[in-house]
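Okay, structure first, notes after.
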Number of protein chains: 2
Amino acid sequence: VSAELATVTWLTGIVTDIESGPSPFSIPPLVVVEPGGAVVAVASEDEAAGAAGAVDVRTVTGFAVEDADRAGEATAVVLEALAGAREVACDLASLPGSLVAALLERDVGLIDVRPELQRARAVKDSDEIDAIRAAIVLSDAGQAAARAGLSAGRTELELWGAVRRAIEELAGERVPLLADFVTGARTAEVGGPPGGRRVSEVDLLLADLVPRRAGWWADSCATVAVGAVPGEVRAAHAAACAALERATEMLRPGVRAGDVDAAARELIAGAGGSYPHHTGHGLGTSYHEEPRIIPGSDRVLEPGMVIALEPGAYGDGWGVRVERVVLVTDAEPEVLSGHDIAL
Amino acid sequence: VSAELATVTWLTGIVTDIESGPSPFSIPPLVVVEPGGAVVAVASEDEAAGAAGAVDVRTVTGFAVEDADRAGEATAVVLEALAGAREVACDLASLPGSLVAALLERDVGLIDVRPELQRARAVKDSDEIDAIRAAIVLSDAGQAAARAGLSAGRTELELWGAVRRAIEELAGERVPLLADFVTGARTAEVGGPPGGRRVSEVDLLLADLVPRRAGWWADSCATVAVGAVPGEVRAAHAAACAALERATEMLRPGVRAGDVDAAARELIAGAGGSYPHHTGHGLGTSYHEEPRIIPGSDRVLEPGMVIALEPGAYGDGWGVRVERVVLVTDAEPEVLSGHDIAL
């Protein structure tokens with residue numbers, strides 16, 4: 001049993017609206033996988049239509065004029081689905097406290113398998129890879145719009161509006177969009193949201209665009225210069241691109257994540273730089289998942305893993321980062337991203 | 001103890017990013033109110049700075065390169081804050097299952113006070129009313145942009161982009177924005193997100209804009225006509241405005257919510273129409289909360305309640321709705337919304 005949003009989407013196909021936070025007319029959907037492998041979804045009646053064909057969807061009250069105890073309804077439905085179970089494997093932290101209290105009252109043993117579920121999501125099937133490709137089409141379009149629209153005098157928010165418009169026009173709908181979108185000295189801070197600052201004659205835009213399409217996330221970053229930025233910035237950007245190339249090349253089955261991380265950091269350090277964040281991470285129904293590419297990690301890469309690599313370098317008043325998404329295959333690593341990472 | 005986002009913001013001032021769903025670098029923040037009234041917040045170190053001065057903030061790992069068990073950390077911090085407690089009042093459904101399991105293992109009694117907490121949020125202090133006013137400035141601006149930008153040939157998404165730009169430019173930052181934003185036949189469906197449809201020569205835009213600013217929500221709806229819409233639509237809109245006026249007039253201390261609902265529905269029914277949703281609802285740190293204005297409700301209005309009223313009427317291929325936010329005072333009801341509701 002899990003109520004982790006990413007796991008629920010992964011197992012059921014149900015995609016929950018996230019842009020305005022928890023809805024008073026809904027519950028976080030839950031998934032129950034029965035011992036035989038049958039998948040039961042417990043969701044608001046308003047979300048049920050999104051489930052994949054093989055999923056047994058059991059609903060609770062959605063939008064309604066009348067008052068309803070949706071959490072209580074969900075607990076009852078899950079208890080029924082689990083009737084007779086003595087032990088249940090679950091993502092314990094994700095479950096509503098009311099459900100856990102009800103299960104423990106019935107002496108059902110709870111075995112936390114959160115790490116196992118997170119690891120299981122790391123290797124993607126071909127339809128999942130297709131879903132990520134479709135999301136990357138949106139991040140590619142957003143990066144192109146950011147590059148095309150960037151010019152001295154525009155505010156970050158103006159440019160941001162153009163980027164989001166480009167993505168939503170292409171998708172034909174609203175698109176959840178996580179982003180770092182900063183210019184000037186804020187690029188040194190690794191990221192942040194767009195604000196009212198105007199692009200100056202000599203400037204940097206750091207745009208990390210992370211859209212969700214049909215429940216699957218893309219990721220991307222480019223750093224774009226306006227005017228003649230200093231040589232040290234150009235050198236750092238070149239090092240980041242070299243680190244990205246090197247790390248991409250290493251994304252092969254059997255390789256340790258920690259070794260990929262070390263190789264990328266070494267190239268940046270060789271150019272006198274560093275970055276205070278991970279080198280990369282998996283993505284799928286969440287935008288940051290296994291396998292994390294971090295120092296010392298023993299995680300071993302497998303075919304079907306989809307990994308966003310994002311080395312960077314940050315100096316005094318400036319920062320650069322480049323990122324693309326790569327698929328681990330049995331043969332050569334396949335770059336899924338199509339956006340321009342030139343400075 | 002509560003991990004309900006709206007309750008946490010209400011008690012601590014901590015505002016969580018919501019637009020891209022749950023963050024892998026965070027936990028849903030929790031609030032613990034101690035018997036003496038002291039407020040303890042348990043939150044990611046990245047969110048701690050947002051807390052009000054009097055709040056005792058205890059942090060768990062935020063953004064980090066290293067792996068971390070943030071849910072486990074949060075459980076440990078809450079257990080420490082509750083050390084020695086035999087019974088705890090809580091919003092049970094909101095709590096992470098891992099915390100509830102840990103509390104029950106220690107034989108701590110859990111008393112669910114979810115309804116009481118929701119009722120307590122319904123009456124606003126003056127600083128809370130000011131925060132809602134500041135959010136309404138944004139919905140007013142969005143409504144003005146929608147009205148100004150509406151013309152035949154534009155797509156819903158184009159107009160939507162202009163509305164969001166106007167709101168974000170005014171706020172100087174990204175703004176979470178829940179919305180119904182539909183034209184044409186979809187107005188009959190009460191609402192929905194913007195899509196690729198183009199506005200026709202004779203058309204309706206139903207725009208329900210719900211922005212969040214600094215943790216507090218506004219709400220607003222207007223229906224705007226393009227060209228010569230049919231007389232039945234004009235009559236229904238006039239009835240909706242009359243129902244809004246009448247319901248506004250009734251928002252006084254001691255009045256039953258069900259009576260306000262009945263009065264609004266009666267005016268719409270008198271014009272031959274109806275609406276399949278509530279007449280109104282409170283708003284604050286959530287966009288739909290107590291007091292709900294629904295049929296038969298015995299909820300009694302009190303000064304300090306902030307209520308969005310939204311009667312409408314829906315026919316064959318068309319729908320109209322008007323909404324504004326009203327403050328219940330000891331004297332006359334005060335309309336907080338400033339947007340134009342003309343057809």
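The values are calculated or read from the model by the stated rules, or taken from the named source; none is laboratory data. Owing to the predicted nature of the structure, the values given are computational and were not obtained by experimental measurement. Every residue, glycine among them, receives a Cβ derived from its backbone with ideal geometry; neighbour counts consider all protein chains shown. What goes into the accessible areas is simple: the full protein's heavy atoms, side chains included, and nothing from ligands, DNA or RNA. Shrake-Rupley method; radii C 1.70, N 1.55, O 1.52, S 1.80 Å.
Test A:Leu5 against the criterion of being within 14 Å of another protein chain (Cβ to nearest Cβ), touching a residue at least 12 places away in the same chain (Cβ under 8 Å) and more than 30 Å from B:Ile293 (Cα to Cα), and give yes or no.
Answer is yes for this residue.
Please work out which residue is surrounded by the most Cβ atoms within 10 Å (Cβ to Cβ), limiting yourself to region A:280-303 and to residues that are more than 16 Å from the chain's Cα centre (by Cα) and of a type outside the set (Val, Ile, Thr).
Looking at residues that are more than 16 Å from the chain's Cα centre (by Cα) and of a type outside the set (Val, Ile, Thr), I get A:Leu301.
So, in region B:69-103, of the ones that are part of a loop (DSSP other than H, G, I, E, B) and either β-branched (Val, Ile, Thr) or farther than 27 Å from A:Ser23 by Cα (or both), which residue ends up nearest to the other protein chains (Cβ to nearest Cβ)?
B:Leu82
Failed condition for A:Val123, given (1) at the interface with another protein chain (Cβ under 9 Å from one of its Cβ atoms); (2) open to solvent by 40 Å² or more (accessible area, probe 1.4 Å), with all others met?
Here A:Val123 clears every test but (1).
Any idea which of (1) surrounded by 17 or more Cβ atoms within 10 Å (Cβ to Cβ); (2) without any contact (Cβ under 8 Å) to a residue 60 or more places away in the chain is the one B:Ala135 doesn't satisfy?
(2)
May I ask you to list the residues in region A:104-114 that are outside any strand (DSSP E or B) and either among the acidic types (Asp, Glu) or more than 9 Å from every other protein chain (Cβ to nearest Cβ) (or both)?
Those that are outside any strand (DSSP E or B) and either among the acidic types (Asp, Glu) or more than 9 Å from every other protein chain (Cβ to nearest Cβ) (or both): A:Glu105, A:Arg106, A:Asp107, A:Val108, A:Val113.
Any residue at all in region B:118-138 that is more than 30 Å from B:Phe181 (Cβ to Cβ) and touching a strand residue (DSSP E or B) at 6+ places or on another chain (Cβ under 8 Å)?
yes
Looking at A:Val175, A:Val190, A:Val226, which one is of a type in the set (A, V, I, L, M, F, W, C), farther than 21 Å from A:Gly280 by Cβ and open to solvent by 10 Å² or more (accessible area, probe 1.4 Å)?
A:Val226 is the lone residue from the list that is of a type in the set (A, V, I, L, M, F, W, C), farther than 21 Å from A:Gly280 by Cβ and open to solvent by 10 Å² or more (accessible area, probe 1.4 Å).
Please give the number of the condition A:Ala74 fails out of (1) open to solvent by less than 30 Å² (accessible area, probe 1.4 Å); (2) modelled with pLDDT under 95.
(2)
I'd like the residue in region A:52-68 that is within 28 Å of the chain's Cα centre (by Cα), part of a loop (DSSP other than H, G, I, E, B) and modelled with pLDDT of 95 or more and, out of all such residues, is farthest from the other protein chains (Cβ to nearest Cβ).
That would be A:Val55.
Only one of (1) open to solvent by 10 Å² or more (accessible area, probe 1.4 Å); (2) closer than 26 Å to A:Ala135 by Cβ; (3) assigned to a loop (DSSP other than H, G, I, E, B) fails for A:His277. Which number is that?
So the condition that A:His277 fails would be (1).
Among the residues of region A:254-279, how many are under 30 Å from A:Val15 (Cβ atoms) and over 16 Å from the mean Cα position of the chain (by Cα)?
Summing the residues that are under 30 Å from A:Val15 (Cβ atoms) and over 16 Å from the mean Cα position of the chain (by Cα) in region A:254-279 gives 1.
Per-residue answers, yes or no, for (1) in a loop (DSSP other than H, G, I, E, B); (2) in contact with a strand residue (DSSP E or B) (Cβ under 7 Å, 6 or more places away or on another chain); (3) modelled with pLDDT under 90:
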residue: A:Val8; (1), (2), (3): no, yes, no
residue: A:Ile14; (1), (2), (3): yes, yes, no
residue: A:Asp17; (1), (2), (3): yes, no, no
residue: A:Gly21; (1), (2), (3): yes, no, no
residue: A:Val31; (1), (2), (3): no, yes, no
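Just checking, does region A:223-235 include any residue being in a helix (DSSP H, G or I) and either among the hydroxyl-bearing types (Ser, Thr, Tyr) or free of Cβ contacts under 8 Å to residues at least 24 places away in the same chain (or both)?
yes
For the subset of region A:199-213 comprising residues that are in a loop (DSSP other than H, G, I, E, B) and either more than 27 Å from A:Ile136 (Cβ to Cβ) or within 14 Å of chain B (Cβ to nearest Cβ) (or both), which member is least open to solvent (accessible area, probe 1.4 Å)? Step through it out loud before you land on a result.
First, pick out the residues of region A:199-213 that are in a loop (DSSP other than H, G, I, E, B): A:199-202.
After this cut, where a residue has to be either more than 27 Å from A:Ile136 (Cβ to Cβ) or within 14 Å of chain B (Cβ to nearest Cβ) (or both) as well, the list is A:200-202.
Details: A:Ser200: 41, A:Glu201: 139, A:Val202: 79 Å².
The extreme case among them is A:Ser200.
Give the residues of region A:246-274 that are crowded, with 19+ Cβ neighbours inside 10 Å, assigned to a loop (DSSP other than H, G, I, E, B) and in contact (Cβ under 8 Å) with a residue 60 or more places away in the chain, sorted by residue number.
Correct list: A:Leu251 only.
Can you tell me which residues in region B:174-198 are assigned to a loop (DSSP other than H, G, I, E, B), in contact with a Lys or Arg (Cβ under 9 Å, 6 or more places away or on another chain) and either more than 9 Å from chain A (Cβ to nearest Cβ) or not small (Gly, Ala, Ser) (or both)?
The answer is B:Val175, B:Pro176, B:Val190, B:Gly191, B:Gly192, B:Pro193, B:Pro194, B:Arg197.
Quickly run through region A:1-41 and pick out the residues that are surrounded by fewer than 21 Cβ atoms within 10 Å (Cβ to Cβ), under 23 Å from the mean Cα position of the chain (by Cα) and of a type in the set (Asp, Glu).
A:Asp17, A:Glu19
On the given criteria, is B:Glu169 facing chain A (nearest Cβ under 9 Å), in contact with a Pro (Cβ under 7 Å, 6 or more places away or on another chain), more than 24 Å from B:Ala236 (Cβ to Cβ) and open to solvent by 40 Å² or more (accessible area, probe 1.4 Å)?
Answer is no for this residue.
Within region B:115-162, work out how many residues are acidic (Asp, Glu) and not in a helix (DSSP H, G or I).
Number of matching residues: 1.
Starting from residues that are surrounded by fewer than 22 Cβ atoms within 10 Å (Cβ to Cβ) and aliphatic (A, V, I, L, M), keep the ones in region A:146-156 and report whichever is farthest from the other protein chains (Cβ to nearest Cβ).
Checking each candidate, the answer is A:Ala152.
Which condition breaks for B:Leu103 when tested against (1) at pLDDT below 95; (2) open to solvent by less than 20 Å² (accessible area, probe 1.4 Å)?
(1)
So which of A:Gly296, A:Gly304, A:Gly254, A:Gly282 is within 14 Å of chain B (Cβ to nearest Cβ) and on the phi > 0 side of the Ramachandran plot?
Working: A:Gly304 fails: within 14 Å of chain B (Cβ to nearest Cβ); A:Gly254 fails: within 14 Å of chain B (Cβ to nearest Cβ); A:Gly282 fails: on the phi > 0 side of the Ramachandran plot.
The conditions single out A:Gly296.
With at pLDDT 95 or above, closer than 20 Å to B:Leu336 by Cα and touching a helix residue (DSSP H, G or I) at 6+ places or on another chain (Cβ under 6 Å) as the only criterion, which of B:Arg212, B:Arg246 stands out?
B:Arg246
Would you tally the residues in region B:291-343 being of a type in the set (Ser, Thr, Tyr) and assigned to a strand (DSSP E or B)?
Of the residues in region B:291-343, 1 are of a type in the set (Ser, Thr, Tyr) and assigned to a strand (DSSP E or B).
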